[in-house]
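J.: Dropping a structure here in structure tokens format, bear with me for questions.
The values are calculated or read from the model by the stated rules, or taken from the named source; none is laboratory data. Nothing here was measured: the structure is a model prediction, and the numbers come from that model. When we count neighbours, we look across all protein chains shown, and the Cβ atoms used for this are built from the backbone with ideal geometry, even at glycine. The accessibility values were calculated without ligands, DNA or RNA, using every heavy atom of the protein model including side chains. Shrake-Rupley method; radii C 1.70, N 1.55, O 1.52, S 1.80 Å.
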Amino acid sequence: MIRTTLALVLLAGTATAQSLPQFDDTVGYDVIGTADDGLILKNGGNTFYCEIDDAEGETYLYFEVCLPILGPSAVEAYQSSRMATASNEEDFLAALAAMPAMAFMPAVEATMREDYACAVPMGGDAEDAFLRTLAERVADQVGFGGLLSAEAVDEIGEITEDTAELMIDQGRITLDREARVARLADCP
């Protein structure tokens, strides 16, 4: 099970900004592992997780669904293209929520460095202002041109919370709980 989980994390297919790899059973496939109720397959140069189902009353199994396994940069490219073409806030937020936490590190760092001189007050109106600035930066970076509601800003704050925790764990952000300030570690 650990090996399977590790394989899911490490294997990556390629995706363009416009599309995801599609499983093509006409080119054949290689089984490279198992996970949950399915198989990890190599197909046409891409890696897929395919769920298996049985045809009721038949003597065969079939792939019910095959999903591409993507690495972080492919996920970011795909979700960015979805966000840029999102016609409404709901679609934009759905695409944003699917991105890995590390994809938001540049936006968090740029917002802290450029808009807050590397130190962000924690709590209250100051933190709310930071989240609004961060949400607008994220939307700008991926090309979403719509206006962001207060609910969207809150949701982006929740989505990027994992990013902040990751940056704290990596030592890129330090917390001064006494002063109630979060600081970028590499700032003077």
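J.: Please state which of the following conditions MET99 fails to meet, knowing it meets all the rest: (1) under 13 Å from the mean Cα position of the chain (by Cα); (2) assigned to a loop (DSSP other than H, G, I, E, B); (3) at pLDDT 90 or above.
T.: (3)
J.: Exactly one condition in (1) touching a Pro at 6+ places or on another chain (Cβ under 9 Å); (2) at pLDDT below 90; (3) not small (Gly, Ala, Ser) is not met by THR34; state its number.
T.: (1)
J.: What number of residues within the stretch 108-133 are open to solvent by less than 40 Å² (accessible area, probe 1.4 Å), outside any loop (DSSP other than H, G, I, E, B) and modelled with pLDDT under 90?
T.: 1
J.: What are the residues in the stretch 37-53 that are closer than 12 Å to VAL65 by Cβ and open to solvent by 40 Å² or more (accessible area, probe 1.4 Å), if any?
T.: Those that are closer than 12 Å to VAL65 by Cβ and open to solvent by 40 Å² or more (accessible area, probe 1.4 Å): ASP37, GLU51, ILE52, ASP53.
J.: With (1) open to solvent by 40 Å² or more (accessible area, probe 1.4 Å); (2) farther than 22 Å from ALA95 by Cα; (3) touching a Ser or Thr at 6+ places or on another chain (Cβ under 8 Å); (4) not acidic (Asp, Glu) as the list, and ALA182 as the residue in question, which single condition is left unmet?
T.: (1) is the only condition that ALA182 fails.
J.: Which ones in the stretch 71-92 are modelled with pLDDT of 80 or more and either among the hydroxyl-bearing types (Ser, Thr, Tyr) or in contact with a Phe, Trp or Tyr (Cβ under 8 Å, 6 or more places away or on another chain) (or both)?
T.: PHE92, the sole residue that qualifies.
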